[in-house]
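Asker: Just passing along the structure, written as structure tokens.
The values are calculated or read from the model by the stated rules, or taken from the named source; none is laboratory data. Just so we're clear, the structure is a prediction, and the values are computed from it rather than from any experiment. Here the Cβ positions follow ideal geometry from the backbone for every residue, glycine too, while neighbour counts run over all protein chains shown.
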């Protein structure tokens, strides 16, 4: 039976790449760094552990990027309702019971 990982083992494993991460966190997406370390260096830690480590060591570099809002004109009257209706019709078709052929709303 394999030994259970101890608390802190993930942090110690990530700490082996601290300098590598220090050079890149903030300029390379954290998800890319995580995936590269998993694939290329065989780092076996969870995303949550990796993220917590980065957040603990470089909190100022992990600020969320600003959300962009794109404003569009209102659709002509009735146009949006047709779109919703067609989507609902597709949904009801997908809910057809194969055995009975009945729709379930």
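Asker: Considering (1) modelled with pLDDT of 85 or more; (2) over 18 Å from the mean Cα position of the chain (by Cα); (3) part of a loop (DSSP other than H, G, I, E, B), say which one residue 6 fails and leave the rest.
Answerer: That leaves (1) as the condition not met.
Asker: Let me ask something else. Among the candidates 62, 30, 37, which residue alone is surrounded by 11 or more Cβ atoms within 10 Å (Cβ to Cβ), modelled with pLDDT under 90 and under 18 Å from the mean Cα position of the chain (by Cα)? Talk me through it step by step, then tell me what you get.
Answerer: Working: 30 fails: modelled with pLDDT under 90; 37 fails: modelled with pLDDT under 90.
Answer to the check: 62.
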